[in-house]
Amino acid sequence: METDANSNVGHKGRFYLTKHIWVPQEPIENLNLKMSDMILRRMPKLPLSGEDAIRVFPVLTELKKSHDKIKADLQYLLSHHDEIPALHEVHPRDLYVHGRAWRTFLLKIWGHEITENTAAVPDTYAAISRIPGVHTALFSILAGRAEIEPHRGSAAGVIRFHYPLIVPKEPEKCWIEIGGHHFFWTEGEPLVFDDTREHWVKNQTDETRVVLIIDFNADMPFPVNLFTGLRYNLIRRSAEVKEQVQALYRRDLAPQLAFLDAIRAALPEDGILVEDLTQVGYVARIAFAVHGPRQYISSGYQGTLGHAYPSALGAKVACPDRAVVALAGDGGFMYNVQELATAVQHGINVVAIVFNDGAYGNVKRMQREFYGNRVIASDLVNPDFVRLADSFGAFARSADDPDGLRDALEQALARDAPALIEVKVGEFPDPWQHIVLPRVRG
Ligand SMILES: [Mg+2]
């Protein structure tokens, strides 16, 4: 095995409750492992494989029934193999395997569905959804000659299924050692074990091995179920898990997220954000942190271009003591530009942020990518937004980057006046892979 100095190895299982409250981790982890040992003694006799596993967990037949469909989903995934991250790239403190030799495609983590991933493998997710109590699910893709060093999971009372999808031609040369015994995978034959028992994986062939890993909470007796339930809920709500979900977005949508971070930093926690149909707005839907109800307004399924600014004026009239920000693109803002007069006339102190790329940028990208670069009617001739807003009597600023936006937004909110900030932007990476269902096959 190649050795690689990585300080994150072996730190699995650490958690903290919120961004602000750190729990001393080592004593908690020690208590947890002690509890886990106690719980292990009460678990069904594991590991179990093949027919034995199905006898004890008949619900596993749901995976077998969908075997061909899951394999088809997997083929689609493997056609994008290089884009699938290694576990340590999405969860930096988790197990590290050198050279991205262990790829993980997460569908669900501690009860949070990773929708942009499940959309790519809908039949697999449908099969998983028929199994009650599943809280974590992922494709685990281990390259030939790779090894996952001995480790034990920290989540006591969790039962782990391995559903093998691709196994090397000599299966006994690619094994998992659980509690000192060797097991190997057979396609379509589930393997069930307790994740808290030490296990070690080694692929001694040149071929890739793929299993679908599914975790669900074991049905534990009282009072053990109080402990496992509490632990599950703490982890599920922990900032660490939420950050793991966010990391997937940050990988692909960094430019939009930089602007959203700037807005979040300047907008008070109880502020209201209203998004229009615009590049930064699309990403805001999935990645803008909202701290309470009624703090985020979108056009919903109507997808009404231009609604953000007038909607924001309504929100501000309803909640005059809270900061209200409208996000719009240049094209969308011009749909209701006349409402600047309403804001000034009635003293409705909304800040409009206009991301100006001189185009219906999203439409233009689609014309280029899906319609053979036949660009038509998507370039715009715009007014000078700063001079325009100024002429209405609003406070107006421009910004060129996230820092500039944050400064301008802080100024506008401090001014407490109708305001417009123009942000000059170029092209953004395509967010749609994370939002809408991609076509999987056909
Ligand atoms: Mg635009």
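None of the figures in this text is laboratory data; all of them are computed from the coordinates on show. Quick caveat, the model's predicted, so the values are computed rather than measured. Every residue, glycine among them, receives a Cβ derived from its backbone with ideal geometry; neighbour counts consider all protein chains shown.
Tabulated data for the structure shown
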| item | result |
| --- | --- |
| Dipole moment magnitude, nearest 20 debye, region 253-435 about Cα centre, only Lys, Arg, Asp, Glu C-beta charged | 380 |
| Neighbourhood charge, 12 Å Cβ-Cβ cut-off, centred on residue 380 and excluding it, Lys, Arg +1 and Asp, Glu -1 | -2 |
| Length added when fully stretched, residue 72-residue 381, from 0.36 nm per residue minus Cα-Cα | 106.5 nm |
| Inter-part distance where region 134-185 and region 345-424 are each reduced to a Cα centre, Å | 51 |
| Pairwise label distance in nanometres, residue 145 with residue 89, each label 7 Å out on the Cα-Cβ vector | 2.0 |
| Residues 200, 110, sorted so that the one with the fewest Cβ neighbours within 10 Å comes first | 200, 110 |
| Spin-label model distance (nm) - residue 407 vs residue 204, 7 Å beyond Cα toward Cβ | 6.3 |
| Charge context of residue 426, other residues only, Cβ under 15 angstrom, K/R +1, D/E -1 | -4 |
| Local electrostatic count at residue 196 - Lys and Arg +1, Asp and Glu -1, tallied over other residues with Cβ under 9 Å | -2 |
| Rough spin-label spacing in nm, given labels placed 7 Å along Cα→Cβ, for residue 65 and residue 172 | 3.6 |
| Distance violations [Cα-Cα > 29 Å] among 64/173; 34/169; 108/202; 108/316; 34/64 | 34/169; 108/316; 34/64 |
| Gain in span if fully extended, residue 346 to residue 304, counting 0.36 nm per residue against the direct Cα distance | 12.7 nm |
| Under 5 Å, built H, 5+ apart or other chain: amide partners of residue 296 | 273 |
| Paramagnetic reach from residue 258 (point 7 Å along Cα→Cβ, amide N under 19 Å) across region 404-423 | 404-410, 422-423 |
| At R0 = 45 Å, FRET efficiency that the Cβ-Cβ distance of residue 51 and residue 289 yields, to 0.05 | 0.45 |
